[in-house]
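The values are calculated or read from the model by the stated rules, or taken from the named source; none is laboratory data. Not measured: the values here are computed from a predicted model. Here the Cβ positions follow ideal geometry from the backbone for every residue, glycine too, while neighbour counts run over all protein chains shown.
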Amino acid sequence: MPIQRAKPKFSDVKNVSIAAANLPAGSIIKTETTPFTDFGTISLTTTQNETDIPGTEKSFTRTLSNSKILVQYNLKCTSYATAYLNLQRKIGSGSYATVSTGATGTQNGRTSNKQLLGAYYNNTSVNAMGYGIHGDFYQFLDSTSTGLTNSSDAITYKITGYSSSTSFDLHINIDGYTPSHANYHNTVESSVTFMEIKV
């Protein structure tokens with residue numbers, strides 16, 4: 001007669017850990033969320049990647065050196081007129097490089113050559129949200145196909161901004177109305193989340 005083995009109860013195995021290397025591909029190995037409350041008005045230049053957006057520079061170290069990284073920015077901001085955002089990545093002590101290259105191809109003069117993470121045009125004459133705080137969610141899956149190399153070093157990301165004119169601004173974690181009126185002295189909180197995904 002075959003031996004019948006008792007099935008373990010969940011309460012017996014709930015504290016068993018599984019090494020990250022033994023998890024199936026696509027598993028989320030590690031997650032980190034970091035809020036940032038830096039706030040203020042940032043004067044933009046017309047030079048791409050010249051102006052860092054305060055608070056957005058954060059680092060993440062993978063458990064496995066070849067994992068993908070899902071980068072998620074929950075960004076609270078607005079602009080005066082035009083503002084362009086780029087996502088930058090640095091591996092270890094290396095140099096920053098632009099990632100998130102945009103869609104490919106050309107249509108009606110539109111191309112992906114600016115490598116944008118996001119773009120804004122806010123002005124109360126054309127946009128009722130010109131003074132309001134936008135809650136925007138930016139997501140980028142970083143992997144070897146987008147230039148991420150296998151490394152045990154910390155991977156650092158930041159957002160940079162620029163504009164079509166030196167007279168335009170980006171407002172981070174505040175609304176876009178600057179006169180001294182208590183109703184417009186609002187500050188909020190942004191955050192960045194990293195998810196390590198096994199390949």
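Data table
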{"item": "Count of the stretch 140-165 residues which are touching a Leu at 6+ places or on another chain (Cβ under 7 Å) and more than 16 Å from residue 59 (Cα to Cα)", "result": "3"}
{"item": "The stretch 75-90, residues that are closer than 13 Å to residue 57 by Cα and not charged (D, E, K, R)", "result": "75, 86, 87, 88"}
{"item": "Residue check, residue 193 outside any strand (DSSP E or B) and at negative phi", "result": "no"}
{"item": "Filtered residues of the stretch 20-38 (kept if at pLDDT 95 or above, among the hydrophobic types (A, V, I, L, M, F, W, C) and surrounded by 13 or more Cβ atoms within 10 Å (Cβ to Cβ))", "result": "29, 36"}
{"item": "Residue that is nearest to residue 199 (Cα to Cα), among those in the stretch 58-115 that are of a type in the set (Val, Ile, Thr), surrounded by fewer than 21 Cβ atoms within 10 Å (Cβ to Cβ) and at pLDDT below 95", "result": "99"}
{"item": "Residue selected from the stretch 39-57 under the condition polar (S, T, N, Q) and in a loop (DSSP other than H, G, I, E, B), by the criterion surrounded by the most Cβ atoms within 10 Å (Cβ to Cβ)", "result": "56"}
{"item": "Looking only at the stretch 116-168, and only at residues there that are aliphatic (A, V, I, L, M) and either under 16 Å from residue 75 (Cβ atoms) or touching a Gly at 6+ places or on another chain (Cβ under 7 Å) (or both), the one that is surrounded by the fewest Cβ atoms within 10 Å (Cβ to Cβ)", "result": "119"}
{"item": "Selection within the stretch 136-179 - under 18 Å from residue 49 (Cα atoms), assigned to a loop (DSSP other than H, G, I, E, B) and among the hydroxyl-bearing types (Ser, Thr, Tyr)", "result": "163, 164, 165, 166, 167"}
